[in-house]
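Worksheet: the structure to be examined is printed underneath.
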Amino acid sequence: MESARISSLNEYSADQIQVLEGLEPVRKRPGMYIGSTDIYGLHHLVTEIVNNSVDEALVGVCNNIKIFFHKNGSVSVTDNGRGIPTDMKKGYGLSALELAFTKLHAGGKFGGGGYKVSGGLHGVGASVVNALSEWVTVVVKRNDKYEFIEFQKGGSKTAIPLTKFDPSKVKALKTSNENLQEVLAKWEAESGTIVTFMPDSSIFSNINFKYDTLRDQYKEYAYLTANVKFEIFDDRNAEESTYYFEGGIQSFLKTLNRHKGLINQKMFYKSQQIDDVLVEIALQYNDTYSENLLSFVNSVKTGEGGTHVTGFRSALTKSVNDYIKKQNLIKEGGDYPTGEDLREGLTAIVSVKLPSDNLQYEGQTKNKLGNSEIKPIVEQAMKEGFDSYLEENPREAGSIIDKNILAFKARIAARAARETVIRKSALEGGGVLPGKLADCRERDPANAEIYIVEGDSAGGSAKQGRDRETQAILPLFGKPLNTERARLDKIIDNDRVKNLIIALGAGIGEQFNLAKLRYHKIIIMSDADVDGSHINTLYLTLFYRHLPVILKNGFIYVAVPPLYKITMGKEKKYLLDDTALLAFQKHAGGTKHVVQRFKGLGEMNAEELWETTMNPETRTLKQVTVEDAAKADEIFTTLMGDEVAPRRRFIQTHAKQANLDV
């Protein structure tokens, strides 16, 4: 690595920093550049800086990246790469470093030769972080010399100009970065960059970074950039994590499938360079009924897929059906499995690396790859590789094909069940809704909400207390089916699930149509006890496994009913949990009051249920999101799958975090 670093360092200069336009629009419309100004946008700031360090790793000149979350709310990212060039850029009167942090579309990724492969595309990472921060400091070490600069007020003002400094005399800089000395002490780099930034609280609704979320994201990065060490430090909670993987995506796939029964014991793995594109694919089938496919471009996750995923899926379908035809496993003239059938129980990772100057994403947040030429390249690599795998591993091939054909038959059975059982229902536009559904008058889904209520008693109170204009009520008695362990044909045949699907109106499986969804707020309302939590989990499993688009769009909520009612004369107050009760009693002191503990929703009358759980002005709802699909998949498998040992370990590990109804 050292020889590559020295050679590349000498070639990487200001001449390779390309400038396209200014920075002014960022603070006015931050959502255009980082997606949003909520916690996701906040996290995106860290990712933009980390991606710059990962880009150094992708060209082979960096093998250690550190991320620090400081007590004062700032974040530092360090690497041992080449260090951002600090020489002057001709024609601009500024150093390359200043241009990278103050000019939109200034960077080494636009064909100047600084990077052949990079996760960044638009070159706005550093400048956007600067624009949306109260202050940013940058330390660069090149050729044993340190240089420092500090920006303030969104990059409109340079507090400390580019200056050489002695790291042992940091205090003389009088910088806003109070953590610089600590980070320098842990840097241990012969060359590289340190970026520290303080998010602007006037722009972001929340500036409290979630350590667990970002830790898991950078663990993924470690899998995708084999032999690069990622170290994460959270000074706020004294937590540390280190990730280093030599096996790359093969190690990643083993982790994803570790609690699942494997169909093909031998993993399929393919790595092939075609022209300037490196394709890596790993896949393995398991005994579940859902797909877990992760895709990446230059180590950046593409949550919405793109042309590389399209190429992979097309090749998988062709390979399997060619093998079936060759082995005469389906009678002539019979139907073959479709792509949907081949996804059942599939865990796969598709990673491509391509020259950054030809990279086309759909949007700055890099969720979907747009390069049309990547589809045939991935398709070629996958088809050739999987054809050989099936031929050379007949036992594994047989297990996979058996799984695929069984899924194919189950899909046909599910279609038949839909046609015979609910042909005239709302799923088909017939207007027949479940008998227990009390619908609302509102027909605009954006303004309509449905409560899925546990039990007929609570359902009756909810129907009486609701706002009939916008709130629909669907009482469903008892615990729903555990859909983690069931195929779609069995799910559709379950009365409770069937009534829910009919009420929602959007269908399920291959027939699902989001445009037909009748409510954009789907609220699960169950008792505030262990059984209620179990019911919530069962419904969330259904949505996560079989209606993921609804979950992804943020339409799923969990109602939070109170545990206690406090009566003080004619005045009443509701408290969510034991913590709130203790706080109230401590504050109320000797005030005479009566405490009533609700054992379930059925104990509340219509007025109480409206006041506590259904009134939009006073209720508490938790919106359900999936920040990390891989982690969520593992947790659902652990909690709802057949394997007992992983579930026991999970419960033992997280027992102290549980909110139990004792």
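The values are calculated or read from the model by the stated rules, or taken from the named source; none is laboratory data. Predicted, not measured: the structure shown is a model, and the values here were computed from it. Every residue, glycine among them, receives a Cβ derived from its backbone with ideal geometry; neighbour counts consider all protein chains shown. Areas reflect the complete protein model, heavy atoms only, side chains present, ligands, DNA and RNA absent. Shrake-Rupley method; radii C 1.70, N 1.55, O 1.52, S 1.80 Å.
So the values come out like this:
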{"read-out": "Count of residues meeting criterion [within 19 Å of residue 361 (Cα to Cα) and open to solvent by less than 10 Å² (accessible area, probe 1.4 Å)] in the stretch 31-47", "value": "3"}
{"read-out": "Residue tally, condition in a loop (DSSP other than H, G, I, E, B) and either charged (D, E, K, R) or open to solvent by less than 50 Å² (accessible area, probe 1.4 Å) (or both), over the stretch 87-104", "value": "4"}
{"read-out": "Matching residues in the stretch 252-276 - criterion: being assigned to a helix (DSSP H, G or I) and surrounded by 18 or more Cβ atoms within 10 Å (Cβ to Cβ)", "value": "252, 253, 256"}
{"read-out": "Meets criteria (surrounded by fewer than 19 Cβ atoms within 10 Å (Cβ to Cβ), part of a helix (DSSP H, G or I) and touching an Asp or Glu at 6+ places or on another chain (Cβ under 9 Å)) for residue 242", "value": "no"}
{"read-out": "Selection count, the stretch 400-428, where residues are at pLDDT 95 or above and of a type outside the set (A, V, I, L, M, F, W, C)", "value": "0"}
{"read-out": "The stretch 509-548, residues that are closer than 18 Å to residue 292 by Cβ and either in contact with a His (Cβ under 8 Å, 6 or more places away or on another chain) or open to solvent by less than 60 Å² (accessible area, probe 1.4 Å) (or both)", "value": "509, 540, 541, 542, 543, 544, 545, 546, 547"}
{"read-out": "Filter result for the condition that a residue is over 23 Å from residue 361 (Cβ atoms), crowded, with 16+ Cβ neighbours inside 10 Å and of a type in the set (A, V, I, L, M), over 249, 194, 281", "value": "194"}
{"read-out": "Residue within the stretch 304-322 that is free of Cβ contacts under 8 Å to residues at least 60 places away in the same chain, open to solvent by 70 Å² or more (accessible area, probe 1.4 Å) and closer than 27 Å to residue 626 by Cα present", "value": "yes"}
{"read-out": "Search result, residues across the stretch 61-86 that are closer than 25 Å to residue 206 by Cα and surrounded by fewer than 20 Cβ atoms within 10 Å (Cβ to Cβ)", "value": "71, 72, 73"}
{"read-out": "Subset of the stretch 367-400 that is more than 10 Å from residue 315 (Cβ to Cβ) and within 26 Å of the chain's Cα centre (by Cα) - its residue that is surrounded by the most Cβ atoms within 10 Å (Cβ to Cβ)", "value": "369"}
{"read-out": "Spans of strands (runs of 3 or more DSSP E) in the stretch 490-574 with at least 3 residues closer than 18 Å to residue 621 by Cβ, modelled with pLDDT of 90 or more and under 21 Å from the mean Cα position of the chain (by Cα)", "value": "556-559"}
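To keep it simple, each residue is scored yes or no on (1) aliphatic (A, V, I, L, M); (2) open to solvent by 80 Å² or more (accessible area, probe 1.4 Å); (3) outside any helix (DSSP H, G or I); (4) modelled with pLDDT of 85 or more.
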{"residue": "580", "(1), (2), (3), (4)": "yes, no, no, yes"}
{"residue": "596", "(1), (2), (3), (4)": "no, no, yes, yes"}
{"residue": "611", "(1), (2), (3), (4)": "no, no, no, yes"}
{"residue": "617", "(1), (2), (3), (4)": "no, yes, yes, yes"}
{"residue": "638", "(1), (2), (3), (4)": "no, no, no, no"}
